[in-house]
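Handing you this structure, nothing more for now.
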Amino acid sequence: MFQERHALLPSETHDEAARYAFVSTLRKAFTTQLFPGMRTVYQEAARPAFVAKHGREPETVREARELMQRSFFYRGANVVGRAAQELLWDTVGESIERQLDTIDEAAKPKPGDLGTVRSNPDLAIPRYIDAVDIHVMPGNFHTELAPDDTFAGALYDRGVHVFAFGGLGARNDGLGVAQAAWVKETYPDLKPRRILDMGCGPGFTTLPWKEAFPDAEVYGIDVGGPQVRYAHGRAESLGIAAHFSQQDATATDFPDGYFDVIASMLVTHECPQPVIRGLFKEAHRLLAPGGITIHDGGATAASDPFDNLLTSWFGDNANEPFSAGFKSLDYDQAFVDAGFNRSAIVRGTRDPVYLKDQLPPITLVGAVKE
Amino acid sequence: MDQPDTPPRQPDQVRQPRRRFARGQARPAYLEPGDVDRVMIMLVALMSEVSALRDRVDTHEAVAELGGAITSAAIEAYELTPLRHAVREANREAMLSRVFRVITEGRDAATDTGAAPLAEVVS
């Protein structure tokens, strides 16, 4: 599947495209062959051997990991998965850096734009963002290579498409589409005036809200300047009105009660627990009565130690050090602490729009402001 | 390559093959056990280069099949057809299967049943 062209989408030379294709094939081989193979090795060889020796099942993630670490399949598959992760960003980054002047220029606000963009060069970048390059993506989401820089936005937009071998759709928006559809289906009477996407990145989780609720004003905020500048240019070239600004979602400059829907998608698992709590608290302040905040997360922890080992793969191998805390967060308490009523907490699941047989259902958790 | 006008050597003048190891100090050893992870990552990056090269050769063939001159500009301008894309994808998957065979054999052996125990067939 090819990524939908828009004015900002980087283009590739022959050999760059060939390297992209290789990384996609490699990622696909890891996701569909090597990763599931770990379960085969565990169930068919490692676990029976453990049971025969100890007379009981492996009980902890540590036991499962130590057991698997003895398998060359496990060790080899993991280093290939890690290699794919590093190769992805280096391959895409080289191509984008070559044409960055063009992308920066195309992203700039122009007369007649449908939406707006605000950068804030004085925004203090939180330490947890600056200290860890999430996904081993060098520079993370926020590093500025120049004034008006869009590098990290272009890198993530193009990189995610290669990473998912197109599995999130031609616009990378499968998860955002699913989240917006869940809200629309669950609250058919909701007529939001304004919608906020916290941690919007290149905007592929933001624009689906405008498509689901065309009458609403849609806002996207991100701590990364390159993200919001790229997101603005991308949205304009796709002809979708949205307002992007560079802000820390735990302390925004929007007035109280400004929004009816506040969402985040694939953001909270990259945040330390205190930051997640801060996002919920700010969401409570920003919501109008009857408004809803909704985030991915809240999945029930697997009971099997090996399942827990597999679900922590990105945490262990792709620089997602906060994902363990995200998984153990007491959401009910976090929403109550943020000001929501315990009875107003909502949960849901929805099939991903793409890769239905490969991705687990999206779990959603949130709260309604009463 | 044989030089046609060189006369054959006499048996007592047969040349020895060149020596292919150096006498003297032992080869320095720099890599440490943990370095093998990095070497593996280099190997995967090199596979990417081999794959890109193969795609470029395939584009040479595609441009030639279309009757065009194989120039750098023609290669950059070539638009990949869905069929050719699918063939390349299958070739990449097959290459990965060959290179990763030593990894996947552990998985495949784990589900291999039915063979007689080795001791039964060796004795």
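When the stretch B:88-112 is examined, which residues are found to be at the interface with chain A (Cβ under 9 Å from one of its Cβ atoms) and of a type in the set (Val, Ile, Thr)?
Those that are at the interface with chain A (Cβ under 9 Å from one of its Cβ atoms) and of a type in the set (Val, Ile, Thr): B:VAL102, B:ILE103, B:THR104, B:THR111.
Please name all residue pairs, on different chains or six or more residues apart, with Cβ atoms under 8 Å, provided the first residue is in the stretch A:1-16 and is without any contact (Cβ under 8 Å) to a residue 24 or more places away in the chain and the second residue is in a loop (DSSP other than H, G, I, E, B).
Correct list of pairs: A:HIS14/B:TYR78.
Now, a different point. Does B:LEU31 meet the test of being closer than 30 Å to B:ILE103 by Cα and within 14 Å of another protein chain (Cβ to nearest Cβ)?
Considered against the rule, which asks whether it is closer than 30 Å to B:ILE103 by Cα and within 14 Å of another protein chain (Cβ to nearest Cβ), B:LEU31 comes out as no.
Mind checking which helices (runs of 4 or more DSSP H) fall wholly inside the stretch A:1-91 and carry at least 2 residues that are touching a Pro at 6+ places or on another chain (Cβ under 7 Å) and over 19 Å from A:ASP157 (Cβ atoms)?
Ranges flagged: A:47-54, A:61-69.
Moving to a separate point now. Out of A:ARG350, A:ARG342, I need the residue that is open to solvent by 50 Å² or more (accessible area, probe 1.4 Å), in contact (Cβ under 8 Å) with a residue 12 or more places away in the chain and basic (Lys, Arg). Which one?
A:ARG350
Further question: All but one of (1) under 23 Å from the mean Cα position of the chain (by Cα); (2) more than 19 Å from A:ALA17 (Cα to Cα); (3) surrounded by 21 or more Cβ atoms within 10 Å (Cβ to Cβ) hold for A:SER119, so report the exception by its number.
Among (1) under 23 Å from the mean Cα position of the chain (by Cα); (2) more than 19 Å from A:ALA17 (Cα to Cα); (3) surrounded by 21 or more Cβ atoms within 10 Å (Cβ to Cβ), the lone unmet condition for A:SER119 is (3).
Going through the stretch B:68-87 one residue at a time, which ones are away from every other protein chain (no Cβ under 12 Å) and open to solvent by less than 50 Å² (accessible area, probe 1.4 Å)?
Hit for the stretch B:68-87 is B:GLY68, nothing else.
Turning to a different aspect of this structure: With among the polar types (S, T, N, Q) and within 23 Å of the chain's Cα centre (by Cα) as the only criterion, which of A:THR31, A:THR40 stands out?
Exactly one of A:THR31, A:THR40 is among the polar types (S, T, N, Q) and within 23 Å of the chain's Cα centre (by Cα), namely A:THR31.
Further question on the same structure: Against the condition modelled with pLDDT under 90 and over 29 Å from A:VAL136 (Cβ atoms), how does A:SER343 come out, does it pass?
no
A further question on this structure: Name the residues in the stretch A:87-101 that are touching a residue at least 24 places away in the same chain (Cβ under 8 Å), away from every other protein chain (no Cβ under 14 Å) and either open to solvent by 100 Å² or more (accessible area, probe 1.4 Å) or touching an Asp or Glu at 6+ places or on another chain (Cβ under 8 Å) (or both), would you?
A:GLU97, A:LEU100, listed by residue number.
Here's another thing I want to ask about it. Only one of (1) within 12 Å of another protein chain (Cβ to nearest Cβ); (2) in contact (Cβ under 8 Å) with a residue 40 or more places away in the chain; (3) closer than 26 Å to A:GLN43 by Cβ; (4) open to solvent by 10 Å² or more (accessible area, probe 1.4 Å) is not met by A:THR60, so which one is it?
Among (1) within 12 Å of another protein chain (Cβ to nearest Cβ); (2) in contact (Cβ under 8 Å) with a residue 40 or more places away in the chain; (3) closer than 26 Å to A:GLN43 by Cβ; (4) open to solvent by 10 Å² or more (accessible area, probe 1.4 Å), A:THR60 violates only (1).
Filter the stretch B:35-54 for residues that are open to solvent by 10 Å² or more (accessible area, probe 1.4 Å) and of a type outside the set (A, V, I, L, M, F, W, C); which is farthest from the other protein chains (Cβ to nearest Cβ)?
B:ASP35
Enumerate the helices (runs of 4 or more DSSP H) found wholly within the stretch A:234-326, keeping only those where 1 or more residues are crowded, with 20+ Cβ neighbours inside 10 Å.
Result: A:273-286, A:305-311.
Do we have any residue at all in the stretch A:349-360 that's in a strand (DSSP E or B), within 19 Å of the chain's Cα centre (by Cα) and at pLDDT 85 or above?
Scanning the stretch A:349-360 turns up at least one residue that is in a strand (DSSP E or B), within 19 Å of the chain's Cα centre (by Cα) and at pLDDT 85 or above.
Also: Could you list all residues from the stretch A:8-20 that are facing another protein chain (nearest Cβ under 7 Å) and open to solvent by less than 20 Å² (accessible area, probe 1.4 Å)?
Residue satisfying the conditions is A:ALA18 alone.
The values are calculated or read from the model by the stated rules, or taken from the named source; none is laboratory data. Just so you know, these numbers come straight off a predicted model, no measurement behind them. With ideal geometry, Cβ positions are generated from the backbone for all residues, glycine too; neighbour counts draw on all protein chains shown. For the accessible areas, the whole protein counts, side chains as well, though only heavy atoms, and no ligand, DNA or RNA atoms are used. Shrake-Rupley method; radii C 1.70, N 1.55, O 1.52, S 1.80 Å.
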